[in-house]
1. Of the conditions (1) in contact with a helix residue (DSSP H, G or I) (Cβ under 9 Å, 6 or more places away or on another chain); (2) free of Cβ contacts under 8 Å to residues at least 24 places away in the same chain, residue B:203 fails just one. Which one is it?
2. In this structure, does residue B:13 turn out to be exposed (fewer than 11 other Cβ atoms within 10 Å of the Cβ), free of Cβ contacts under 8 Å to residues at least 12 places away in the same chain and under 23 Å from residue A:89 (Cα atoms)?
3. Out of all the residues in the stretch A:402-432, which are within 11 Å of another protein chain (Cβ to nearest Cβ), surrounded by fewer than 21 Cβ atoms within 10 Å (Cβ to Cβ) and in a helix (DSSP H, G or I)?
4. List the helices (runs of 4 or more DSSP H) inside the stretch B:175-237, counting only whole elements, that have at least 1 residues being away from chain A (no Cβ under 14 Å) and more than 20 Å from the chain's Cα centre (by Cα).
5. With respect to residue A:189, determine if the residue is crowded, with 18+ Cβ neighbours inside 10 Å, farther than 19 Å from residue A:241 by Cβ and out of contact with any helix residue (DSSP H, G or I) (no Cβ under 6 Å at 6 or more places or on another chain).
6. Among the helices (runs of 4 or more DSSP H) confined wholly to the stretch A:55-140, which include 1 or more residues that are over 30 Å from residue A:435 (Cβ atoms), more than 14 Å from every other protein chain (Cβ to nearest Cβ) and at pLDDT 95 or above?
7. Across the stretch A:62-104, what is the number of residues that are buried (at least 17 other Cβ atoms within 10 Å of the Cβ) and under 24 Å from residue A:218 (Cβ atoms)?
8. Do we find a residue being in a helix (DSSP H, G or I), within 14 Å of chain B (Cβ to nearest Cβ) and buried (at least 19 other Cβ atoms within 10 Å of the Cβ) anywhere in the stretch A:220-235?
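The values are calculated or read from the model by the stated rules, or taken from the named source; none is laboratory data. What you see is a predicted model, and the numbers here were worked out from it, not measured in a lab. When we count neighbours, we look across all protein chains shown, and the Cβ atoms used for this are built from the backbone with ideal geometry, even at glycine.
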């Protein structure tokens, strides 16, 4: 009986498949699809609810057809997702294989917990099997952003959120002033626009504790200073106090009543109703500002790079990424979801829909994407320039939420008229033992 | 051999055991955790009474305790007084009473989270309808929940708006149990409305007022949903009650041991408050 004539048994077939899968080069040479290697597996994904998760969820059938993997997808609000993720990771048996995190807030925590697996080997294997994945499309800086201090790639960045200065073109034109390039010009322009009797305010920004800290730290970057360097708190320096004073001045002199209780939602409400001249926040809010169903200032929104401070010009960078749980029993299948979600197609979709800023570079360099952006050339130019000068606005420490809470309370008090120097001194005194304990742990 | 009563008692054991497990196991677990330092990463470390020692010295916690007591007092007194007034109105017969009573009860039918979201929109200092309505009468806008000075009073006002109907319902039930003959006798004696209220209605309503106060106190002291959605404890810490501080420690700072110590303190506080009210009620029953 010749080989061709012999019936191929189930065991023989499985042995051949296993052999092919074990050698990526062979598999590729023989035409085996690396995306199909885990067909039939089941992967559970836990996401924060956002325009990104909505966009991915809308295209999940595409992932299932591409890989043959059955997907269970859950997207819940940010705060609840963070709690669920941490509690389940701590239990040692998370119900999900893939989760997304806010890199600026949670990276050190997940690193200390050892909760995510290092993606580098799987990334390299996929790149070898399918060069179209373009792993090099993630810049070294982006890869470093998603990596732990020891170099393990904890998450692949999905979305980068640069802080920009939104302005109301109509109000600024009426004031007869150019787009501010420095914080001094910003103060002058805010003062010129500010007409509280007409319910129009020069400035709006986050005032609620915790949420308000990035506003202060972004202004502080204008002095070229961060809040912690080499484990030492720099929150009582003259620069830190001046930044807090500037934050308080903008809010108290040119902001609406009650700004101390504003989170981004209230800021957005004021801005879309044409009641605020400037708003400092993440670039991801362009979509609602340009949505005719939600905004009264469609076509009147200007986008500018955060103005230069006394000594430097920087902006804040936030971002989120996706990783594979260390406890997952389907790590490779789970990684395929991470790879698909951060693939060129989805990143381009995200940019086009205004659902976020891709972590990959190619969608941003695509001339068609630049021409097609729903927010205009000024938005794109602001984005590219912001990417060039971005820095992390939050310290890379485990108790970053306590940092935001303690200094957030101090900043809220500044908005109510308290002395910035005394408030920052009090907050520093309260946070120092927390930081010390965290470093000892 | 067990008698019939003893046999029947055994039938209750599974139910009692289940209730006991549900009630006490989480508390024993929480009390146990309060002696550990645990931040979800790594293994818990035994620290003895350290978390309780920190609790005593924690100024922010002390402020949260005072704020909780103020919030509870306001959220009990407001609905109770207005509920009493409403009950005095609704106990009388007048055209459209049923429809008005139904409309009056709407606030307590809504879930606190949806109530909170609606109020957040209404209280926005620039775009909220409340400041807009005040402007009709030349009243300057208020910052409501957006200022440290007004936030607690505003939240108590919303609690009062939501829970006055329930208090009115309880007191209305109490009023219908007062014999009509007493009011007839007062009328024959020429008693005024105020005298009738002081001598008949109020004394006979006291047991119902106490029940309403117990229910409202336990509910108000535990309140978290409304505050969490509307202010997250801010601006600053101006509306941070024990519950909010506990939540921050457990789920924002991941300081599980310390949050457990706060939980144990909080359970004690609720227990003491309930005990005090039950004692007052029992004393009143004996005196009556």
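1. Of the numbered conditions (1) in contact with a helix residue (DSSP H, G or I) (Cβ under 9 Å, 6 or more places away or on another chain); (2) free of Cβ contacts under 8 Å to residues at least 24 places away in the same chain, the odd one out for residue B:203 is (1).
2. Criteria not met by residue B:13.
3. Those that are within 11 Å of another protein chain (Cβ to nearest Cβ), surrounded by fewer than 21 Cβ atoms within 10 Å (Cβ to Cβ) and in a helix (DSSP H, G or I): A:426, A:430.
4. B:180-188, B:193-196, B:202-222
5. yes
6. A:60-67, A:120-129
7. 6
8. No, every residue in the stretch A:220-235 fails to be in a helix (DSSP H, G or I), within 14 Å of chain B (Cβ to nearest Cβ) and buried (at least 19 other Cβ atoms within 10 Å of the Cβ).
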